[in-house]
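The values are calculated or read from the model by the stated rules, or taken from the named source; none is laboratory data. Note that the structure is a prediction, hence the values are computed from the model and not measured. Surface areas here come from the heavy atoms of the whole protein model, side chains and all, with no ligands, DNA or RNA. Shrake-Rupley method; radii C 1.70, N 1.55, O 1.52, S 1.80 Å.
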Amino acid sequence: MKFEEVRGTRVRFHATGDPAAPPIVLLHGIGRSLEDWALQHPLLDNEYRVISIDMPGFGLSQRMPAPTTLDVLADGVWATLDTIGETRPVHLMGNSLGGAVSMRMLADTPDRVSTLTLVNSAGFGKEVTVALRMLAVPGLGRQMLRRIDRITAPRMERMIFADRALVTPERVAMAIKIARQPDFAPVYLEIAKALGGLRGVAATWRTELLARVAASTKPTMLVWGDRDLILPSKHLAAARAAFPHAQSHMFARTGHMPQIERPDEFAGLVRPMLARVAV
């Protein structure tokens with residue numbers, strides 16, 4: 001893992017594979033970190049330069065000065081890639097919030113994107129776990145985020161995976177470490193407010209963003225787990241309707257992070273689409 005100064009902000013990233021190989025960029029979800037993509041590095045970096053990033057304000061990265069929005073996160077990822085010298089078109093893969101950020105990156109800068117892979121992505125419906133909706137209650141959200149400890153962190157991790165064996169001591173310890181970062185709570189609340197509220201994910205930004213991404217017709221893969229407790233699997237049907245040009249796959253007996261629960265199958269699923277696109 002490395003850190004770089006990006007416009008005065010300290011950002012953590014992990015890059016493996018031949019620097020000359022076509023680049024893949026991996027983006028995590030809200031309140032998460034690049035560790036959520038760790039299993040994909042060795043599965044893909046024999047043919048690609050694989051870069052996972054702690055988006056500004058999440059993981060162990062510092063926040064950007066401006067209030068956190070999709071635009072700020074997307075711009076922060078592009079700035080990070082510029083800083084580490086990766087200016088070629090990239091294969092974007094985003095999980096949950098990272099999917100929405102990936103879509104914003106494509107909508108704003110289509111020439112810098114080769115393919116788009118959305119993994120249990122935000123943006124395809126208002127439904128979201130009640131735990132995230134409760135963050136919109138004044139005062140309660142900050143209080144909830146301050147209580148991530150050895151009792152609450154395992155409960156949160158268990159919501160992510162269908163296979164509870166994946167709730168390891170290492171993942172719990174990382175969740176607690178992330179929650180103790182000074183930027184964690186304010187950034188979490190800012191982006192949660194920007195995306196929705198007590199009634200769920202807002203329609204305004206979703207409608208505008210999906211229309212712009214659909215117009216690009218970039219090669220796209222839609223992936224979901226059928227036991228997702230964060231963003232329900234019925235959102236995959238909405239994603240297919242929004243992007244009729246896309247390929248799609250539903251993983252059985254899988255939760256919110258197929259890239260962790262089905263690492264080999266996930267890599268095998270996306271590899272043919274990546275190989276068909278010259279970078």
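Here are a few things to note about the model shown:
- For the chain, built as a Gaussian network whose Cα springs stay under 10 Å, the top-fluctuating residue of I53, I176, I160: I176
- The chain, relative contact order [Cα under 8 Å, separation at least 6], %: 21
- For the stretch 8-126: span of alpha carbons on each principal axis (Å, largest first): 36, 34, 28
- For the chain, the solvent-accessible area with a 1.4 angstrom probe is 41 square angstrom per residue.
- Each 10 Å bin from zero up to the one holding the largest Cα-Cα distance in the chain carries the following percent of pairs: 7, 32, 40, 20, 2.
- Helix-only [θ]222 nm of the chain, DSSP H runs n ≥ 4, -39500 (n - 2.57) each, per residue, nearest 500: -11500 deg cm²/dmol
- The stretch 84-126 versus the stretch 1-57: alpha-carbon centroid distance in Å: 13
- Shown here are the Rg and Dmax of the Cα trace of the stretch 158-279, at 16.8, 43 Å.
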